[in-house]
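Values in this text are rule-based calculations from the coordinates and carry no lab data. Everything numeric in this text was worked out from a predicted model, so none of it was measured. We place every Cβ from the backbone using ideal geometry, glycine too, and count neighbours over all the protein chains shown.
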């Protein structure tokens, strides 16, 4: 088993190496880079000359866009990354690791709460729908679940903002804090509640978008289990319906459920780019979108590698969990 | 519904007898081809019919609609309409007067607005911030979304079938190589990379604006082919061990034909289902890119960029007062994605009733 995991980890490192090379190549191929964006106005007004721009580009390591130049700078990036140094973000003027660790927590908070809600709401709904297959409840819940997965996040956000922030005026429109309110320095509780109030809409949007997936997944797997022989045996023994459903059927549905839900855990750190941007929440997704639009290569590299590592970690965790929840499984 | 339920119970509890019954029925009555069987099962499900109706509606709306508009009123998506109207703006403020009473101060101003006309008989959904007819733009936006999604899924399927087929059939180092490439692409964060790529295309000035859409399709394909490749490989790994493949091998059929004539067609049902379910995903990606201004460039219409008008960072006016500009586009996206997933689910159940969810 250990051999299996060592091999998996070695393979993951290989994949990550490939991913990093690909992303680096792609982001370096951007013809207008960060310096061009920043100096365009100064160039036009004559405050800077082409030589100044060129010097700046050399300083930022963006001057050599030839293939060998890209390989050389990629190797430099790789060696410093190995040492844990992701470089300086052009846009934010801080080390990339510092930006990541500063803004990751708000994103994680949003994602984690909506993840919990998704479990609390989705699983019971899925169980109920599967027990009453083809009932009105089943159809309604299934259609709503599908609608949740079909809604673009920016559209749902806009609808929410229109209804709850503008028409009803009960929730704040955007941002993380109320700009007009001034809190005393030690009013931690008030600040906390103010922030929580601002996060109600983003969390509801994310929950609505993802709850359908969990619900459908639960329903599908429950139906599979409910159709098996030992459930018939359990019913034939005269066990009560709740015992059959929750003790005999659901426990076996837990296997795929735990596997997939635990695989999602690392992804919670990745941030929700669109939702955070629409609601102007300064999370990691919002920062990444801005950095991407401006061509901030160290940040693009750092963020995307971070996301890839999360994906790889998620796959690894769900493999491990698969073995933990189902002792019959032996990985080799 | 009740009838359906009963039938299902019979099938579940009495599968063997049912098979016999089906066989007997086939002998006594008529033989239905597998294709007909699939079609029959597909149309028996209400959801798949609803899905089909939604997609047919969208196709008519976005491909026939513009022709009708053009033939009857003679305008296209970028026709500017200047409809003059007076817009009253009333601001009010309350202040305490010198006599101690509360007074309310009204300031009424009138501005002449030529764009953003409200819905009317000529313009069913009004006009937008540039004076374009919204209803017509929805049709053209639908064209973009549907065309992009079908082309992207077609390309993804072709690439996936070729690479997945080779990997599954030859195994060994070919499999290793292809699957590692698949792993790398599957590990790329989808949206951020698409953003980088689209930003690249937008900043290259030598690429004409109308060609950007082709690059967009290529990028969407690049990010999405791995799923198909995995499915094809898995199916072929399973199928190639079966007897008919041994027969094909002993008769000396070329490897190319063995793969693409004998193996791939058997993986077809799964491929069709994945492709149908994938169409909605492509539409969502495309509209997200358009929303961020990285999709089809202005002045061409796209559903995503129509919703982007409501972005509150650019001012709340449209979000608050002009739902006619952005709500219909969002609803059409939902209809499209929902329609494709209904059809995909229906097809999956129809191809393989044992897989019924």
| query | If you count, for every residue in A:154-166, the Cβ atoms of partner chains within 10 Å of its Cβ, what is the mean? | reply | 6
| For the pair residue A:136 and residue B:72, how long in nm is the line joining their label points, each one 7 Å along Cα→Cβ? | 3.9
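For Cα pairs less than 8 Å apart in space and 6+ apart in sequence, what is the mean separation divided by the residue count of chain A, i.e. the relative contact order in percent? Kindly include the intermediate steps, with their values, before the conclusion.
On the way: 360 pairs, mean separation 88.9, N = 332.
Answer for chain A is 27 percent.
Please report B:249, A:276 as a ranked list, fewest other C-beta atoms within 10 angstrom at the top and most at the bottom.
Values: B:249 13, A:276 28.
The most exposed by this proxy come first: B:249, A:276.
Among rounded, prolate and oblate, which fits region B:70-164 when a ≥ b ≥ c are the square roots of the eigenvalues of its C-alpha gyration tensor, a/c under 1.5 means rounded, and a/b larger than b/c means prolate?
On the way: a/c = 6.32, a/b = 2.31, b/c = 2.74.
Cα axes put region B:70-164 in the oblate bin.
Would you please put A:239-246, A:40-47 in order of how densely packed they are, using the mean number of other Cβ atoms within 10 angstrom per residue and starting with the highest?
A:239-246, A:40-47
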| remark: Where a ≥ b ≥ c are root eigenvalues of the Cα gyration tensor, a/c under 1.5 meaning rounded, otherwise prolate if a/b exceeds b/c and oblate otherwise, region A:154-226 counts as oblate
| field | Cα-derived Rg over Rh, computed across the protein assembly as shown with Rh taken as Kirkwood radius | value | 0.99
| query | Using the alpha-carbon centroid of each, what span in Å lies between region A:68-140 and region B:63-128? | reply | 42
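Report the full-extension gain for the segment residue B:256 to residue B:44: residue separation times 0.36 nm, less the Cα-Cα distance, to one decimal in nm.
Numbers: separation 212, 0.36 × 212 = 76.32 nm, distance 3.80 nm.
Computed gain between residue B:256 and residue B:44 is 72.5 nm.
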| task | For helix A:250-264, report the angle its Cα long axis makes with the longest principal axis of the Cα atoms of chain A; keep it between 0 and 90° and round to the nearest 10°. | result | 0
| request: Evaluate peptide B:293-300: per residue, the Cβ atoms of other protein chains within 10 Å of its Cβ; return the mean as an integer. | output: 0
| note | Plugging the Cβ-Cβ distance of residue A:59 and residue B:60 into 1/(1 + (r/R0)^6) at R0 = 41 Å yields, to the nearest 0.05, a FRET efficiency of 0.10
| With each pseudo-label sitting 7 Å past Cα toward Cβ, what's the residue A:170-residue A:323 distance in nm, one decimal? | 4.9
| remark: chain B: relative contact order from alpha carbon pairs under 8 Å, six or more residues apart, as a whole percent, is 22
| Using only the Cα atoms of chain B, what do you get for the radius of gyration and for Dmax, in Å? | 27.5, 108
| note | residue B:170 and residue A:191 label points (each 7 Å along its Cα→Cβ direction) are spaced in nm at 6.1
| By how many nm would the segment from residue A:94 to residue A:184 grow when fully extended, if each residue of separation counts as 0.36 nm and the alpha-carbon distance is taken off? | 29.6 nm
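Can you give me the Kirkwood hydrodynamic radius for chain A, using every pair of distinct Cα atoms, in Å to one decimal? Don't skip to the end; give the middle numbers.
Numbers: mean 1/r = 0.0428 Å⁻¹.
Value: 23.4 Å, from the Cα pair sum.
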| query | Can you give the FRET efficiency for residue A:85 and residue A:11, using 1/(1 + (r/R0)^6), R0 = 22 Å, r = Cβ-Cβ distance, to the nearest 0.05? | reply | 0.30
| task | Give the calculated FRET efficiency between residue B:33 and residue A:220 to the nearest 0.05, with a Förster radius of 35 Å applied to their Cβ-Cβ distance. | result | 0.75
| Can you give the extra length, in nm with one decimal, that the chain gains between residue A:4 and residue A:280 once fully stretched, where that is 0.36 nm per residue apart less the Cα-Cα distance? | 95.0 nm
| Order by protection proxy (mean Cβ within 10 Å, highest first), peptides A:151-161, B:70-80, B:293-303, A:16-26 | A:151-161, B:293-303, A:16-26, B:70-80
| said: With n ≥ 4 as the cut-off for DSSP H runs, can you work out [θ] at 222 nm for the protein assembly as shown, using -39500 (n - 2.57) per run divided by the number of residues, rounded to the nearest 500? | reply: -22500 deg cm²/dmol
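Partner chain Cβ atoms within 10 Å, averaged over the residues of B:197-204 - can you pull that number for me?
5
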| said: If you average the C-alpha positions of region A:192-215 and of region B:218-259 separately, how far apart do those two centres end up, in angstrom? | reply: 43
| request: May I ask you to order A:296-306, B:215-225, B:32-42 by the average number of other C-beta atoms within 10 Å around their residues, highest value first? | output: A:296-306, B:215-225, B:32-42
